[in-house]
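One structure is given below, encoded as structure tokens.
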Amino acid sequence: MDKLKMQTANKADENFKKLAEMFPNAVTETIDENGEVVRAIDKDVLMQEINTKVVDGNEERYQFTWPDKKKSVLLANAPINKTLRPVRDDETTPTGADGEGKPYCSTGSVDFETTENLYIEGDNLEVLKLLQETYLGKIKMIYIDPPYNTGNDFVYEDDFAQSTEEYLENSGQFDEDGNRLVKNLDSNGRFHTDWLNMIYPRLKLAKDLLSNDGVIFISIGQDEIENTLKICNDVFGKSNQLGIISRQMKSGGGTQGKYFAHNIDYVVIYAKQYDVARYFRGEMSEELVTKVYNQVEKNGSRKGEHYRTMGLYQSSLGVRPSLRYYIKCPDGQFVIPPGTTFPDELVEGETVHPVSTDGVWRWSYELFSSELAKGNIEFKRTENGVLVDEKGAPAHWNIYTKIWLKDRQAEGTIPNDLLTKFENRHSAKEISALNIPFDFAKPVGMIKYLIFIMQQEKDIIVLDFFSGSATTAHAVMQLNAEDGGHRKFIMVQLPEETDEKSEAYKAGYKNICEIGKERIRRAGTKIKEEAGLDAQNLDTGFRVLKCDTSNMKDVYYNPAEYEVNMFSRLEDNIKEDRTPEDLLFQVMLDLGVLLSSKIEEKTIAGKKVFNVEDNYLIACFDKDITDDVITEIAKQKPYYFVMRDSSMANDSVATNFEQIFAAYSPDTVRKVL
């Protein structure tokens, strides 16, 4: 049996393996500062392989950099020994660490057994690392509303934010004398550097979670829009930029600003792969529908449908072969676009090669005939027709194609990059309707709009790792209720304590996560009530997971550092306060099993057994496991089986273990803790 790693992947190791596979001749060894032989990539060989000029030393070149950028890369790649612990019910014993680094109690999950939504409490950098194995390439959409860096001494903008000092303390960014390295004030020379060092490693990790056709939307203000574009070009590639949306925050003017009242913020949009991302399509406006699609079909299979017409001949069309031909009208008259060249025979469909001054139809005769048979052509008598007869005289017919409203609504329209319908007052009203004390949330309608224009399937996963008051979760549930979708959300938020003077604290919300979770609860209830029977199966639940230290003791990761005689008291390498379900979720992270997977608890020969996703993973963490237990589990033929290394009842069970699986389920992957 193999031993589980129980820690996040080392991204530097993964990158090295990829380069080694592509360019094995660039793999070498060198001596590090401690005199030890370590692996390395020969830069000169690598550059020669990709046939470009080596840029090194102080040579001038175009690049985007800032102090500590290399450290940000290392921070993104470095592994961590953390886990996500499930919180089924309201906690009574503090666990994890809040924004101050202190254990705290969380309110519990909603519909833990059946929901496919996740609410994760913890530092988003750590959480993104923990999700790498399980959600690599599985996220279709990411929306984030990171701190705008407006000049306050906060990593997050709003009043419930983590201060720079607290963030630095949590992330270890202090010098040897205990002094913090940066102060995120606009008077500080590192003002933008601090923000860049915060956002860069998170975006690098987020990119890996996106599917090939996935897209990230980033709300940002004017203070960091320039750096956001530069850093996204660095992480995602400029060629993958899909656009920048400007959003009107409020109507009218204002008092803030020296030269202009600030009324615009932005949504920056990047694809994982530009050529794979789907084209965006939006809904047609009511004004367009009313003004343009104002004709109603009176006959045929599309009777009662609205449509608009467009002339089959357009004067702006360039000359093309096979598009100049006769069409026979209802009274027998033959018509053709204006010009000087005519077909030799007066027969419908007879073509002539046009000259530069000749008009042509939009469609070929074959397409015209096909659409005529479908009822998509309309002939209208006119006294001022632009078409001519076979003699070049003005004809008394015009010919139009029908463009059906229903077809165009299904196809959608190209979205505008200016949003005026989703102002801050809308989000304030939404929050107030739920009696949730929170400021600076984005409107639900805006997030719904961004999800809709992606034109993705209705079962995608939407991730927000700066979730705040959980507007994104609210939007996902609302859109699912409206269109019958089954989209899932993953919310990630630092459990930052609320200010004791704030309305949130007075209302009983001790940290920002409690605000977000309660909003989801209330929004879910409200959506179901308003939708009635249509939304009774709507998933408005969420599994609460808490980022915490690993379930495993240090000896699990560094056995060589412990003396042999110490192992008698360290035989169980699992921390005493951890539950079997805690272990299960860390195993799921390690094996790449979705954290929303169905989990069933069963009893086999008196031992608790977890069955995840119908035998995909079976785990048993009880002690004194016998041959009978192993045999019953093997008979179920799981893809994975996991147990504690020290849980076998005796040496005989350990000896028979492999034989039992070889007999009943030889393909099962067996792992131990």
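Details
- Single residue of the stretch 10-41 satisfying the filter (at pLDDT 80 or above and of a type in the set (D, E, K, R)) that is most open to solvent (accessible area, probe 1.4 Å): LYS17
- Boolean, GLY99 is over 28 Å from GLU601 (Cβ atoms), surrounded by 22 or more Cβ atoms within 10 Å (Cβ to Cβ), in contact with a Leu (Cβ under 9 Å, 6 or more places away or on another chain) and among the small types (Gly, Ala, Ser): yes
- Qualifying residue in the stretch 282-295 (condition: farther than 30 Å from ILE414 by Cβ and modelled with pLDDT under 95): no
- Qualifying residue in the stretch 290-301 (condition: in contact (Cβ under 8 Å) with a residue 12 or more places away in the chain, touching a Ser or Thr at 6+ places or on another chain (Cβ under 8 Å) and either open to solvent by 30 Å² or more (accessible area, probe 1.4 Å) or in a strand (DSSP E or B) (or both)): yes
- Answer residue from the stretch 657-673, given it is open to solvent by less than 40 Å² (accessible area, probe 1.4 Å) and over 41 Å from the mean Cα position of the chain (by Cα) and is nearest to THR626 (Cα to Cα) among those: PHE657
- VAL335 being touching a Cys at 6+ places or on another chain (Cβ under 8 Å) and either among the charged types (D, E, K, R) or within 26 Å of VAL386 (Cβ to Cβ) (or both): yes
- Single residue of the stretch 424-443 satisfying the filter (open to solvent by less than 40 Å² (accessible area, probe 1.4 Å) and within 23 Å of the chain's Cα centre (by Cα)) that is nearest to VAL289 (Cα to Cα): PRO443
- The one condition from (1) part of a helix (DSSP H, G or I); (2) on the phi > 0 side of the Ramachandran plot that GLU482 does not meet is (2).
- All positions within the stretch 609-639 that are over 20 Å from MET552 (Cα atoms), out of contact with any Lys or Arg (no Cβ under 6 Å at 6 or more places or on another chain) and open to solvent by 10 Å² or more (accessible area, probe 1.4 Å): ASP614, ASN615, TYR616, THR626, ASP627, ASP628, THR631, GLU632, LYS635, GLN636, LYS637, TYR639
- Scoring SER469 on the criteria (1) part of a loop (DSSP other than H, G, I, E, B); (2) open to solvent by 10 Å² or more (accessible area, probe 1.4 Å); (3) not aliphatic (A, V, I, L, M) leaves a single failure, condition (2).
- Index of the failed condition, GLY532 passing every other in (1) more than 20 Å from GLU100 (Cβ to Cβ); (2) of a type outside the set (Phe, Trp, Tyr); (3) part of a helix (DSSP H, G or I); (4) touching a residue at least 60 places away in the same chain (Cβ under 8 Å): (4)
- Test result for ILE218, in contact with a helix residue (DSSP H, G or I) (Cβ under 7 Å, 6 or more places away or on another chain), open to solvent by less than 30 Å² (accessible area, probe 1.4 Å) and of a type outside the set (Gly, Ala, Ser): yes
- Of note, LEU181 satisfies the criterion of being modelled with pLDDT under 50, over 30 Å from ARG278 (Cα atoms), open to solvent by 60 Å² or more (accessible area, probe 1.4 Å) and in contact with a strand residue (DSSP E or B) (Cβ under 8 Å, 6 or more places away or on another chain).
The values are calculated or read from the model by the stated rules, or taken from the named source; none is laboratory data. All of these numbers come straight from a predicted model, not from anything done at the bench. Methodologically, a virtual Cβ is constructed for each residue, glycine included, from the backbone with ideal geometry; neighbour enumeration extends over all protein chains shown. Heads up: the accessible areas ignore ligands, DNA and RNA and are worked out on the full protein's heavy atoms, side chains in. Shrake-Rupley method; radii C 1.70, N 1.55, O 1.52, S 1.80 Å.
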